[in-house]
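To start, the structure under review is shown below, and the notes come after it.
The values are calculated or read from the model by the stated rules, or taken from the named source; none is laboratory data. It should be emphasised that the depicted structure is a prediction, and the values quoted were computed from it without experimental measurement. Heads up, the Cβs are rebuilt from the backbone with ideal geometry, glycines too, and the neighbour counts pull from every protein chain shown. Accessible surface areas use protein heavy atoms only, side chains included; no ligands, DNA or RNA. Shrake-Rupley method; radii C 1.70, N 1.55, O 1.52, S 1.80 Å.
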Amino acid sequence: MTDRQLRLLRAAAASSIATVLAAVSHTVAGGAAPHPLLVVAMTVLLVPVAAVLIGVRPSRVRVALTVLVSQIAFHLVFALLGAPTAGLSGIGHQHHLDLAAFGPVAAVAAPDALMIGAHLVAAIVTIALLWRGESLIRAIAQWIVARLRSRATSVCLPHRRRPLPTSSAVPVLRTALATSLSRRGPPALV
């Protein structure tokens, strides 16, 4: 895996884990539950930001900074957009987008201590998951590969050659082919 791919994978993991934990902590702290599409949109939109913040060689400071920036962005977007989880009525074939159809938009209020505490707990859990998660996944993958290799070597049996089949028709066929005359080739010009 190249450095760019690994960086993008780390950024996607950081963005998705931080988004889910931010949505859960925001809801547990008394905020409106964000719509699932909003959670997905925030995950996708913050992957490039997370890739820039985490860098090629992640450090604890960069991971913590990425998670804190993500938590703040998630809280602001969740608070600004409210909880558009009400039933979608009246949506038919329309050529314009009416945001009122997605539900009420909540007014932005200053976060209270419970909301800040919930987001900080979510940030700490996210940092721990991201910092130890990659090494845990690598250890599990190495264990699985080792188990598969040990199984593969224990199952392999030595290869034995089968004897060629013998038949009484083989000598007759050989003599018939040896005495045949081959006139293969292009026709002669006469």
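So Gln71 fits all but one of (1) surrounded by 11 or more Cβ atoms within 10 Å (Cβ to Cβ); (2) modelled with pLDDT of 85 or more; what number is the exception?
(2) is the only condition that Gln71 fails.
Only one of these is in a helix (DSSP H, G or I), more than 30 Å from Leu76 (Cα to Cα), open to solvent by 100 Å² or more (accessible area, probe 1.4 Å) and at pLDDT 65 or above: Leu189, Leu114, Leu164, Leu148. Name it. Break it down into steps so the answer makes sense when it comes.
Numbers: Leu189 fails: in a helix (DSSP H, G or I); Leu114 fails: more than 30 Å from Leu76 (Cα to Cα); Leu164 fails: in a helix (DSSP H, G or I).
Going through Leu189, Leu114, Leu164, Leu148 in turn, just one is in a helix (DSSP H, G or I), more than 30 Å from Leu76 (Cα to Cα), open to solvent by 100 Å² or more (accessible area, probe 1.4 Å) and at pLDDT 65 or above: Leu148.
Tell me, yes or no, whether region 40-53 has at least one residue that is over 19 Å from the mean Cα position of the chain (by Cα) and surrounded by 20 or more Cβ atoms within 10 Å (Cβ to Cβ).
Yes, the conditions are met somewhere in region 40-53.
Quick check on Arg4: is it in contact with a helix residue (DSSP H, G or I) (Cβ under 7 Å, 6 or more places away or on another chain) and loosely packed, with under 14 Cβ neighbours inside 10 Å?
So Arg4 fails the test.
Give the number of residues within region 27-62 that are among the polar types (S, T, N, Q) and either in contact with a Cys (Cβ under 9 Å, 6 or more places away or on another chain) or not in a helix (DSSP H, G or I) (or both).
Taking region 27-62 as the starting set, the residues that turn out to be among the polar types (S, T, N, Q) are 27, 43, 59.
Next cut, either in contact with a Cys (Cβ under 9 Å, 6 or more places away or on another chain) or not in a helix (DSSP H, G or I) (or both) only: 59.
Final tally of qualifying residues: 1.
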